[in-house]
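Take a look at the structure set out below.
The values are calculated or read from the model by the stated rules, or taken from the named source; none is laboratory data. Values in this document were obtained by computation on a predicted structure and should not be read as measured data. Every residue, glycine as well, gets a Cβ built from its backbone with ideal geometry; the counts of neighbours run over all protein chains shown.
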Amino acid sequence: MQRFLRIPFMITIEQLKDIRDRADKLKQYLAIDEKRIQLEEEELHTQAPGFWDDAKAAEAQMRKVKSLKRWIEGYEGVRAATDELALAFDFFKDELVTEQEVDEAYAKAVKEVEALEMKNMLSHEEDQMPAVLKIVSGAGGTEAQDWAEQLMRMYQRYCEKHDYKITITNLQEGDEAGIKTVTFTVEGDMAYGYLKSENGVHRLVRVSPYNAQGKRMTSFASVFVVPLIDDSIEIEVNPAGLSWDTFRSSGAGGQNVNKVESGVRLHYKFVNPLTNQPDEIVIENTETRDQPKNRENALRHLRSQLYELELEKRRQAQAKVEAGKKKIEWGSQIRSYVFDDRRVKDHRTNYQTSNVNAVMDGDLDAFIKAYLMEFPE
């Protein structure tokens, strides 16, 4: 009796070939062989006598080494996953593994390939930097402040899923519930590169628990994301434009309330490079109980915002040259979350999902991928 080979339901020979082709293309696009040679050369520099004599140059060199290692290790993960898939596919023919095991190997390979393909879209220097993310509730009182807090939780969950470290640098609680504003730093692999897609106004539509009539209400919150730069990047800050206020950091009450004015508020007046008009940046920092440390952190955030303005100036200049490309305005409405209709839609890419709970639990990868594919520059 002739036996017929049963091919797994989810994985076919064409799918296997496709995923291996994508892995081969990544090796070519990322110039992995060249990166391996470059890594050896760059690591030799770190072994030179007196390497740490110039701390800034040494730190820049170490970042270069780390970046090369990340790309090489990322590709090695892709190659290992696709090789395991090919092996599982062959073993299935000999009935040494189950169809489910082949499908699981395929899912793992796809995940590895798609993750590296997304990283490949992040080619700018700032994409590799940590990020500063700020959420500000819109008009609407308690309802808007509650929405801002939900967004804060959403980004915290996203960061947890990606092993990003979060440090809250400023938090102002709402009058009755929620928050008025929060600022936190996000540290981890390509943090700014991924989170830059969240820059803009986020709109919530739901039946409000704060409305006695149970009416459907619309709330807004603004999200601002800038790269968190370090001392190796030179950003000019005019001392004449700086002024400071101090205040007591708010706490949970009782013994936790800060009795000294360790909170700082920085005001910086300057000419905005986007508008060529006088402008002001205001930054509050209550990260520590040490006022000098908070001043230092506030200045770092100021330099990050000024760096982002320069990047935006370059992006706008490029957009004028590359006619026909969509223009994204910082602060425009980017996404709607309609709880009652079970729908979250990104208005820039038209990507949407009905799994509202997953999104609010930090599942943003599909939105970020759609954005990076639509706006790769």
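Being farther than 30 Å from K27 by Cβ and outside any helix (DSSP H, G or I) is the filter here; which residues of segment 120-143 pass it?
Step one: filter segment 120-143 for residues farther than 30 Å from K27 by Cβ, giving 132-143.
Residues satisfying the conditions are V132, L133, K134, I135, V136, S137, G138, A139, G140.
Listed residues A105, A48, A57, A80; which is among the small types (G, A, S), closer than 25 Å to K369 by Cα and exposed (fewer than 15 other Cβ atoms within 10 Å of the Cβ)?
Details: A105 fails: exposed (fewer than 15 other Cβ atoms within 10 Å of the Cβ); A48 fails: closer than 25 Å to K369 by Cα; A57 fails: closer than 25 Å to K369 by Cα.
Going through A105, A48, A57, A80 in turn, the sole match is A80.
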Out of all the residues in segment 35-78, which are touching a helix residue (DSSP H, G or I) at 6+ places or on another chain (Cβ under 8 Å) and of a type in the set (A, V, I, L, M)? L39, A58, M62, V65, L68, I72, V78
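Among the residues in segment 166-188, are any under 23 Å from S336 (Cβ atoms), crowded, with 21+ Cβ neighbours inside 10 Å and among the small types (G, A, S)? Outline the logic, then answer.
So in segment 166-188, the residues under 23 Å from S336 (Cβ atoms) come out as 174, 177-182.
After this cut, where a residue has to be crowded, with 21+ Cβ neighbours inside 10 Å as well, the list is 178-179, 182.
Within this subset, residues satisfying the condition of being among the small types (G, A, S) are 178.
Yes, some residue in segment 166-188 is under 23 Å from S336 (Cβ atoms), crowded, with 21+ Cβ neighbours inside 10 Å and among the small types (G, A, S).
Which one is modelled with the lowest pLDDT among residues in segment 233-256 that are outside any strand (DSSP E or B) and surrounded by 12 or more Cβ atoms within 10 Å (Cβ to Cβ)?
First pass over segment 233-256, keeping only residues outside any strand (DSSP E or B): 233-241, 248-256.
Still in the list and also surrounded by 12 or more Cβ atoms within 10 Å (Cβ to Cβ): 233, 235, 237, 241, 248-251.
Numbers: I233: 73, I235: 85, V237: 90, G241: 92, R248: 81, S249: 71, S250: 61, G251: 46.
If we take residues in segment 233-256 being outside any strand (DSSP E or B) and surrounded by 12 or more Cβ atoms within 10 Å (Cβ to Cβ), then G251 is modelled with the lowest pLDDT.
With respect to T218, determine if the residue is at pLDDT 80 or above, of a type outside the set (G, A, S), part of a strand (DSSP E or B) and not assigned by TED's automatic domain parsing to the domain that holds A144.
Numbers: at pLDDT 80 or above: yes; of a type outside the set (G, A, S): yes; part of a strand (DSSP E or B): yes; not assigned by TED's automatic domain parsing to the domain that holds A144: no.
In short, no.
Yes/no per residue for (1) in the same structural domain as F184 (by TED's automatic domain parsing); (2) surrounded by 15 or more Cβ atoms within 10 Å (Cβ to Cβ); (3) among the β-branched types (V, I, T); (4) modelled with pLDDT of 90 or more:
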residue	(1), (2), (3), (4)
K326	no, no, no, no
W330	no, yes, no, no
Q333	no, no, no, no
R342	no, no, no, yes
K345	no, yes, no, yes
A358	yes, no, no, yes
G362	yes, yes, no, yes
A366	yes, yes, no, yes
Go through segment 291-314 and report how many residues are at pLDDT 90 or above and either in contact with a helix residue (DSSP H, G or I) (Cβ under 7 Å, 6 or more places away or on another chain) or not in a helix (DSSP H, G or I) (or both). 0
Is one or more of the residues making up segment 265-272 crowded, with 19+ Cβ neighbours inside 10 Å, at pLDDT 85 or above and of a type in the set (F, W, Y)? yes
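D146 - would you say it is assigned to a helix (DSSP H, G or I), over 18 Å from R300 (Cβ atoms) and either of a type outside the set (A, V, I, L, M, F, W, C) or in contact (Cβ under 8 Å) with a residue 40 or more places away in the chain (or both)? Full working, then the answer.
On the way: assigned to a helix (DSSP H, G or I): yes; over 18 Å from R300 (Cβ atoms): yes; either of a type outside the set (A, V, I, L, M, F, W, C) or in contact (Cβ under 8 Å) with a residue 40 or more places away in the chain (or both): yes.
Yes, satisfied.
Going by the conditions given, is N199 outside the structural domain of G140 (by TED's automatic domain parsing) and among the polar types (S, T, N, Q)? Give the steps one after another, and end with the answer.
Numbers: outside the structural domain of G140 (by TED's automatic domain parsing): no; among the polar types (S, T, N, Q): yes.
Considered against the rule, which asks whether it is outside the structural domain of G140 (by TED's automatic domain parsing) and among the polar types (S, T, N, Q), N199 comes out as no.
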